[in-house]
Amino acid sequence: MVHRIHNFSAGPCTLPLEILQEVEAEFVDYQDSGMSLIEMSHRGKHFEHVYQTAVRFARKVFQVPDNFSVLFLQGGATLQFSMVPMNLITEGMRAAYVNSGSWASGAIEDAKIYGNVYIAWDGKECNYFRMPLSEEINLQADTRYLHITSNETIGGIRFLDWPEVETPLVADMSSDYMSRRIPWERFDLVYGGVQKNLGPAGMAIVFIRDSALDNGNRNLGRYLRYDIHAKKDSMLNTPPVFPIYILSKILRWMDGLGGLEIIEKSSEEKAALLYSSIDNSGGYYRCPVQREYRSIMNVVFQLLTLELEKMFLDEAALNGLVNLKGHRSVGGCRASIYNAMPRSSVEVLVDFMQEFQATHST
Ligand code: PMP
C-alpha cells in the first residue's frame, strides 16, 4: 500500500495517484528511449507528441472553440497579471477590474502599472464575502475588458453566474480551472496557473480569442507578447516540459472520467457534503461566505475560538488530515478540494469534524 495522507493544500496540491504512479513507472526510461522525458529536446518527437496531446485534450475537455488559441506559459498566473494589460489595453482604452479579494487585488496592482485601470466593483464593504451582481458592476465607456477572478482561493468565494455585461470578459481561473463550463462567447481571455486542478507548479494556461491576439502593442519583449507565443505554438523558448507532460496525463484522465460535466458534478457534491457538515453543526463551525457565492474548491470555515481552531488543526494533522489552516492573511480553516481530491478524503474530514465537535463541546 502506498502511504498517502489527506492533503487539503490550496496549491500545489493533491494530484491523482494513478497519474503519479504512471509517471513514476516511465520517469527514468520514457517509452524505451533510454532517457527521461525531462532529459530530451523539446523539439524531439516524444515531447512533440506530449505537447500535441496536451493541446488536444485541453481543447476537448475545456470545450474550447476553434477561434481561441491555447498557450502554455511560464511565470504562473502572476505573470498574466502583467501580460493581460500589457497586451490588451490599447491606446485610448481602459480596463475594468472587479476587486473580489486577495488575488483580484494582485491583478489590479500590476495592471495599474501598464494602463488606465479602474475598479468597477469593490467587495471591501462586504469584507469580500460575496461577488457582485451584474447590475452592481459599473462599467465606463471605452473599456477594453472586464477582469474577474472566478474563484478567490483565499476568501473562498466564487462567481456562481458569470457577469452579464457587454464588455469582453477576462478571467483569472487559477483555482477553479477545469471544474466548470466556460461560456466562451463572453470571453476574450481566460488564464490560470495549473498547480491546483491540472498539474504541478511552473506553468499557466492562457486561452485567448484569436481576434485579441494582435493589439499592435509592439513595445514589449518577445516573451510578453501573446501573438508571438501563438505563432510559435508556445515554443518561442524552451517550454515548461515537465508541467506540460503531467498536464497531458491529467487532461486525459479527466476526459476518461467523463469530462467537464462529470467533474463539475463531483466537485459540487464534495463541496455540498462539507458545507452541510458546517451548516448542520449548530454554529460550532461557521462559514463566513454568503451561501450562493461559496467556492466549491476552497471551503473556508471558522471555529468558535482561536484556541479551538488550533486544537482542531493539530488533531486533524494527527489523524492524517493536513494543510487545513486558512491563509495567513485571513486565518481560520480552509479545505481545498480540487478535482483530484477523492470524495473519500472529504468524508474522512466530515467524520473528523463531527467527532471533534462531540469531544470538545461542553
Ligand atoms: N490567482 C489565483 C486565484 C490564485 O489562487 C493564485 C495562486 N494561489 C494566483 C493567481 C497566483 O498564481 P501563481 O502562483 O501561479 O502565479
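Values in this text are rule-based calculations from the coordinates and carry no lab data. The structure presented is a predicted model; accordingly, all values stated were derived computationally and were not measured. Backbone-built Cβ (ideal geometry, glycine too); neighbour counts: all protein chains shown.
Quick notes on this one:
- Across all Cα pairs in region 87-223, the calculated P(r) in 5 Å bins from zero up to the longest distance comes to 2, 10, 19, 24, 22, 14, 7, 2, 0 percent per bin.
- Each label was represented as a point 7 Å from its Cα along the Cα-to-Cβ direction; for residue 328 and residue 222 these points are 3.8 nm apart.
- Dividing the alpha-carbon radius of gyration of region 259-360 by the rule-of-thumb value 2.2 N^0.38 Å gives 1.03.
- For region 268-307, backbone nitrogen atoms closer than 18 Å to the point 7 Å from residue 317 Cα along Cα-to-C-beta are found at 303, 306-307.
- Spin-label model, residue 5/residue 18: points 7 Å from Cα along the beta carbon direction are separated by 2.6 nm.
- Farthest toward positive dipole pole in the chain [+1 Lys/Arg, -1 Asp/Glu at C-beta], among 61, 93, 13: 93
- Restricting region 148-240 to GluC sites (Glu not before Pro) in coil, as DSSP defines it, with at most 12 other Cβ within 10 Å: 164, 166
- Distance from region 251-274 to region 110-157 (C-alpha centre basis), Å: 28 Å
- Excluding same-chain neighbours fewer than eight residues apart, the lysines reachable from residue 45 by a Cα-Cα span under 20 Å are 231, 232, 249.
- Only alpha carbons enter this Debye calculation for region 1-49, each as an equal point scatterer, and the log10 of I(q)/I(0) it gives at q = 0.20, 0.21 Å⁻¹ is -0.79, -0.82.
- Annotation: average projected area of the chain is 18.9 square nanometres, based on the convex hull of Cα atoms across all directions.
- For region 201-260, Kirkwood radius (reciprocal of mean inverse C-alpha pair distance, Å): 13.5 Å
- All-pairs alpha carbon distance profile, region 6-112, 10 Å steps from 0, percent: 11, 25, 34, 21, 8, 1
- Pair residue 63, residue 109: separation of 7 Å Cα→Cβ label points (nm): 3.6 nm
- Restricting region 25-91 to GluC sites (Glu not before Pro) in coil, as DSSP defines it, with at most 16 other Cβ within 10 Å: 91
- Pairs of Cα atoms nearer than 8 Å and 6+ residues apart set the relative contact order; for the chain it is 22 percent.
- Total charge dipole magnitude, region 259-360, about the Cα centre, Cβ charges on Lys, Arg, Asp, Glu only, Debye to nearest 20: 300 debye
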